[in-house]
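Q: Let me begin by handing over the structure; questions about it come next.
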Amino acid sequence: MMKLCAIRSGSRGNAVLACTSRTRILIDCGISGRLAETGLRQAGVDPESLDAVLITHEHRDHIAGVGILSRRYHLPVYANEKTWAAMEQSLGKIAPENRRSFVHTDSFSLGDMDITPFSISHDAADPVGYTLLSGGKKMAVATDIGILEEELFRSLKGSDAVLLESNHDKNMLEMGSYPWPLKQRIRGSQGHLSNDDAGKAAEFLVKMGTRRIMLGHLSPENNYPRLAFQTVMNILQNAGIMPGRDMELFVAPGDSLSPVFEI
Ligand SMILES: [Zn+2]
Ligand SMILES: [Zn+2]
């Protein structure tokens, strides 16, 4: 059995807990050490028992607490070399034995989890998402993605549960107060997925067998949880898929723990 819980998910900080009975990992830690510790305890996990932190990319909302956690709990940090190069200075000192790297999209194992990174289109050095396999079950974390691409769908296919980015409502972004270059960045092919994009991706995933989708990485300025949920729900319903009956659809709130997916 695997569990997935977003301790935090959103533009203000991301930390996603994935565990089996034997292995506990965090994907990113873009929140303070203290917030991460409190959140982990709320999720029933002693921070001491973490096995590793996996990094998707070097943006601050994904790495702010990584150095602190690694030093405090002697925690190995996994990232690819380009991401290491881009984030190393911001992390502070990491013990050499905790500086772990992987190559491209090669799989590696942590305890009873097989982890496969996949490339995503985002404005960072070498950003990735992750799929996690254990006991025949598959989960995926797919946020900070500019565009829905073939490779993304190939990687996510067959997932039982997915944390899927639903960053912004296109109209809210258009009408909102962000300066034009930032708007262009967010909606560009190396930016973030909109609610409509998340709906399209969710439809594909459910048709391929995914039964649990958590919408995440919402922008507090350009989205809100009910709007993200409703937009994706409408797209699914138009495709004949009924959330609640055919699958579970949740939204990770930006400022508290998400529901827990158990698969
Ligand atoms: Zn990012
Ligand atoms: Zn982000």
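Q: Extending each Cα 7 Å along its Cβ direction at Ser119 and Leu148, get the distance between those two points in nm, one decimal.
A: Result: 2.2 nm between the two label points.
Q: At 1.4 Å probe size, with the rest of the protein present, what percent of the exposed accessible area of segment 3-262 is carbon and sulfur atoms? Intermediate values should be presented prior to the final figure.
A: Working: 5390 of 11070 Å².
On segment 3-262, the fraction of accessible area on carbon and sulfur atoms equals 49 percent.
Q: Hey, another quick one. In nm, to one decimal, how far is the Arg185 label point from the Ser90 one, both placed 7 Å along Cα→Cβ?
A: 1.1 nm
Q: Hey, if you drop one equal point scatterer on each alpha-carbon of segment 82-129 and run the Debye formula without solvent, what base-10 log of I(q)/I(0) do you get at q = 0.13, 0.16, 0.26 Å⁻¹?
A: -0.37, -0.56, -1.10
Q: Relative contact order for segment 145-204 using alpha-carbon pairs under 8 Å, separation at least 6, rounded to a whole percent?
A: With pairs under 8 Å counted, the relative contact order is 53 percent.
Q: Still on this structure, please answer the following. Give the calculated FRET efficiency between Arg226 and Ser177 to the nearest 0.05, with a Förster radius of 30 Å applied to their Cβ-Cβ distance.
A: Using R0 = 30 Å, I get an efficiency of 0.90.
Q: Let me ask something additional. Where only protein heavy atoms count, and the probe is 1.4 Å, what is the accessible area per residue for segment 111-263 in Å²?
A: Each residue of segment 111-263 exposes 42 Å² on average to a 1.4 Å probe.
Q: Oh, and also: Using helices alone, I'd like the mean residue ellipticity at 222 nm for the chain: each DSSP H run of four-plus residues gives -39500 (n - 2.57), total over residue count, nearest 500.
A: -8500 deg cm²/dmol, from helical runs alone.
Q: If contacts are Cα pairs under 8 angstrom and at least 6 residues apart, what is the relative contact order of the chain in percent?
A: Reported relative contact order: 19 percent.
Q: If one takes the longest principal axis of the Cα atoms in the chain, at what angle in degrees, from 0 to 90 and to the nearest 10, does the Cα axis of helix 225-238 lie?
A: Relative to the chain, helix 225-238 is tipped by roughly 60 degrees.
Q: Additional query: 5 Å is the cut-off here: which amide hydrogens, built 1.01 Å from N in the peptide plane, fall below it relative to Lys137, excluding neighbours closer than 5 in sequence?
A: none
Q: Length gain on complete extension for the stretch Met242 to Phe204, per 0.36 nm per residue less the alpha carbon to alpha carbon distance?
A: Result for the pair: 12.3 nm of gain on full extension.
Q: Kirkwood Rh over alpha-carbon pairs of the chain, then Stokes-Einstein at 20 °C and 1.002 mPa s: what D in µm² s⁻¹, rounded to an integer?
A: Estimated diffusion coefficient is 118 µm²/s.
Q: Counting only Cα, what are the radius of gyration and maximum Cα-Cα distance Dmax of segment 1-81, in Å?
A: 11.2, 33
Q: Give me the count of lysine pairs in the chain whose alpha carbons sit under 27 angstrom apart, restricted to pairs 8 or more positions apart or on different chains.
A: Going through the chain pair by pair, I get 22.
Q: Please report, in debye to the nearest 20, how large the charge dipole of segment 3-262 is about its Cα centre when each Lys and Arg carries +1 at its beta carbon and each Asp and Glu carries -1 there.
A: 380 debye
Q: I've got another one for you. Under the 0.36 nm per residue contour assumption, what length would be gained going from the current alpha-carbon distance of Met1 and Ser256 to full extension?
A: Separation in residues times 0.36 nm, less the Cα-Cα distance, equals 89.4 nm.
Q: Leaving ligands and nucleic acids out of the surface, order Tyr130, Tyr224, Tyr73 by accessible area at 1.4 Å, largest first.
A: I get Tyr224, Tyr73, Tyr130, largest accessible area first.
Q: While we're on this one: Keeping every protein chain in place, order Asp196, Asp255 by accessible area at 1.4 Å, biggest value first, i.e. largest first.
A: In descending accessible area the options line up as Asp255, Asp196.
Q: Right, here's the next one. Return P(r) of segment 142-220 (all Cα-Cα pairs; 10 Å bins starting at 0; whole %; ordered from short to long distances).
A: 20, 51, 23, 7
Q: Please turn the phi angles of segment 48-54 into ³J(HN,Hα) values with the Karplus equation 6.51 cos²θ - 1.76 cosθ + 1.60 (θ = phi - 60°), one per residue in order, whole Hz, x for glycine and proline.
A: For segment 48-54, the Karplus-derived couplings read 4, 8, 5, 9, 5, 10, 9 Hz, x marking Gly and Pro.
The values are calculated or read from the model by the stated rules, or taken from the named source; none is laboratory data. Quantities reported herein were computed from a predicted structural model and do not represent experimental measurements. We place every Cβ from the backbone using ideal geometry, glycine too, and count neighbours over all the protein chains shown. SASA here: full protein model, heavy atoms, side chains in, ligands and nucleic acids out. Shrake-Rupley method; radii C 1.70, N 1.55, O 1.52, S 1.80 Å.
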